[in-house]
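J.: Pasting a structure here, questions to come.
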Amino acid sequence: MALIEELKEITNGIYVLTVRHGEVRHGMSSSWVTQVSGEPPLVMASVDRCHRSHGLVRAARRFGLNVVGRGSRSLEDFFYSPAAKAEDNLGAFATIDAPSGVPLLAEALAGFDCAVVDEREAGDHTLFIARVEWARRGGADSPLSTLDLDYVYLGTGRIVKR
């Protein structure tokens, strides 16, 4: 277990992954995200296969990636909380629909509309590799990271204090 807990030293940005499938609009806190290509612009989001968003992303083949800024920390607080487990959990937030219909959070520092081009199973998660097709910039802010939180997500059921 000590080896697993040492993974908390790997720093990550804080994001909210949003998805729409049919009438369901859902968001989840996501820190296992990275850019994997510049041309074409590709990002990768790792999603726990037990999370509600996993099946929605797999079905929709799209997701939104919202960069949480320090001034919008309340987004992380909500989407990391038990309240975010509701099926359609975006109702309390102002959203902007990307041209594809993916909901992006108006309060986010930046938002990306992403089309899934590949997926790979990785342990208990799926890596969704997606092409960034549209982006929007929110207000002036700086990105929130795991260094700003007093906890770190290390996988299903594993949250440790920093």
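Bear in mind these aren't lab numbers, they're just calculated from the coordinates by the rules spelled out. These numbers come from a predicted model, not from an experiment. Positions of Cβ are backbone-derived with ideal geometry, glycine not excepted, and every protein chain shown enters the neighbour counts.
J.: With n ≥ 4 as the cut-off for DSSP H runs, can you work out [θ] at 222 nm for the chain, using -39500 (n - 2.57) per run divided by the number of residues, rounded to the nearest 500?
T.: Using -39500 (n - 2.57) per qualifying helix, the result is -3000 deg cm²/dmol.
J.: How about the stretch 60-162: which GluC sites (Glu not before Pro) there lie in a loop by DSSP and see at most 11 other Cβ atoms within 10 Å?
T.: Here the GluC sites (Glu not before Pro) that fit, given the DSSP loop and packing criteria, are Glu87.
J.: Another one. Output the direction-averaged projected area (hull surface divided by four) of the convex hull of the alpha-carbon atoms of the stretch 1-121, in nm².
T.: The Cα convex hull of the stretch 1-121, projected and averaged over all directions, gives 8.3 nm².
J.: Same structure, new question: Relative to the Cα centre, what is the charge dipole magnitude of the stretch 15-108, using +1 at the beta carbon of each Lys and Arg, -1 at the beta carbon of each Asp and Glu, and rounding to the nearest 20 debye?
T.: 200 debye
J.: Sort 138-148, 51-61, 33-43 for me by packing, meaning the mean count of neighbouring Cβ atoms within 10 Å per residue, highest on top.
T.: 51-61, 138-148, 33-43
J.: Also, quick follow-up: Per residue, what volume in Å³ does the Cα convex hull of the stretch 51-162 take up?
T.: 116 Å³
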